[in-house]
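Have a look at the structure below before the remarks.
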Amino acid sequence: MEYLRARDALVALQPLAPRAATESELELVHPTRHIDRIRGLDASGGGSIDPDTAVVVGSYAAALHATGGVLAGVDAVLGGLTPSAFCLVRPPGHHATADRAMGFCYFNSVAVAAQYARQVYGLERLAIVDFDVHHGNGTQDIFWDDPAVLYLSTHQFPFYPGTGQWSQTGGPGAVGCTVNVPLPAGSGDIEYLRVFDRLLLPVLKRFHPQLLLVSAGYDAHEGDPLAGMAVSTGGYREIMLRLRVAAELLCGGRLVAALEGGYDLADLAASVEVSIEALEEPSPSYSPAEPAGAAIEHYLDKLRELHGLA
């Protein structure tokens, strides 16, 4: 926020006040026992959930407002206040399953937002694009057998949390509604943009969602200390620009992005800035990426065949 303010990156934006998600809103995804556990740990002074995920006093309120902030973004977009929203929230959410907090995540804010959009606004088809360096195992698990939600993920593999194999394509009732693109360490702009151009955007167009939700994690950045990818700040602008164009083509520009990972503060702030710029572009357009190496192109050929695009 300090970086964005210093560069006047927020001047043209309309701020949305985050609110606390209600328990009934959380229960669109999470059972009461899960909510009670996080609240109880907070109330008792904190405690460890797993080696990566701890609760301290204030964690519950922060998690409520992180999820509520994304819901405020959904209300603003689906209520016609703005075509798109970028939700600068933490803690992140995409590792949280319905009944388990993990990987720094307590509640799955984007999953709650998807269910909220369906219940409150009657949407029938939503897509979630997750470009965090870690696979969003929680989001995949929640919508595994739900044909109304398309989940698309690019992620480093093998890597935490160990899920997200290319062969995981959805449950019996939603085959093809999960699209995983595990990528090797060292993948950068060319590889990512080819994945979007050749696979993810065609799948999105075929599904034709009414709202595009984005789990915007920036830990695939070349400067991030927790992973091994090589996406540049400019690469993130190109990714978000593609999603902006897809949203305008498919769902009236309706896009809500929520911050997930990203652990080098300078690179995180710069990547968020260029993502916001992509959402502000008056006439968004992009040029298709140049072909990547033969191994990646062959891999994409196989994934296109797997998902019925060949």
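Every read-out reported here was derived from the displayed coordinates using simple, explicitly stated rules and does not represent laboratory data. Values in this document were obtained by computation on a predicted structure and should not be read as measured data. As a convention, Cβ positions derive from the backbone with ideal geometry for all residues, glycine included, and neighbour counts pool all protein chains shown.
Looking across region 91-110, the residues that are aromatic (Phe, Trp, Tyr) and over 15 Å from residue 226 (Cβ atoms) come down to 106, 107.
When residues in region 122-166 are screened for being surrounded by 24 or more Cβ atoms within 10 Å (Cβ to Cβ), free of Cβ contacts under 8 Å to residues at least 40 places away in the same chain and among the hydrophobic types (A, V, I, L, M, F, W, C), 2 of them pass. Of the residues contained in region 83-92, none is found to be surrounded by fewer than 18 Cβ atoms within 10 Å (Cβ to Cβ), closer than 30 Å to residue 277 by Cα and in contact with a His (Cβ under 8 Å, 6 or more places away or on another chain).
Taken as a whole, the condition of being of a type in the set (A, V, I, L, M, F, W, C), within 23 Å of the chain's Cα centre (by Cα) and surrounded by 14 or more Cβ atoms within 10 Å (Cβ to Cβ) does not apply to residue 41.
Of all residues in region 252-273, those that are in contact (Cβ under 8 Å) with a residue 60 or more places away in the chain and under 18 Å from residue 130 (Cβ atoms) have Cβ atoms under 6 Å from Cβ atoms of residues that are surrounded by fewer than 24 Cβ atoms within 10 Å (Cβ to Cβ) and hydroxyl-bearing (Ser, Thr, Tyr), 6 or more apart or on another chain, in 255/84.
Residue count for region 272-306 satisfying the condition of being crowded, with 17+ Cβ neighbours inside 10 Å and over 23 Å from residue 220 (Cα atoms): 1.
For region 228-251, check the following and say yes or no: at least one residue is acidic (Asp, Glu) and either assigned to a helix (DSSP H, G or I) or surrounded by fewer than 18 Cβ atoms within 10 Å (Cβ to Cβ) (or both). There is at least one residue in region 228-251 that is acidic (Asp, Glu) and either assigned to a helix (DSSP H, G or I) or surrounded by fewer than 18 Cβ atoms within 10 Å (Cβ to Cβ) (or both). For region 168-216, give me each residue that is in contact with a Leu (Cβ under 8 Å, 6 or more places away or on another chain) and assigned to a loop (DSSP other than H, G, I, E, B). Matches in region 168-216: 169, 177, 208, 209, 210.
Results for (1) of a type outside the set (Lys, Arg); (2) farther than 21 Å from residue 91 by Cα, shown as yes or no for each residue.
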position: 198; (1), (2): no, yes
position: 203; (1), (2): yes, yes
position: 206; (1), (2): no, yes
position: 226; (1), (2): yes, no
position: 232; (1), (2): yes, yes
position: 253; (1), (2): yes, yes
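For first residues located in region 88-109 and within 18 Å of residue 28 (Cβ to Cβ) and touching a residue at least 12 places away in the same chain (Cβ under 8 Å), partners that are among the acidic types (Asp, Glu) and assigned to a loop (DSSP other than H, G, I, E, B) and lie 6+ apart or on another chain with Cβ distances below 8 Å form the pairs 93/260; 94/132; 94/260.
Which one of these is among the small types (Gly, Ala, Ser) and crowded, with 17+ Cβ neighbours inside 10 Å: 68, 80? Testing whether each residue is among the small types (Gly, Ala, Ser) and crowded, with 17+ Cβ neighbours inside 10 Å leaves just 68.
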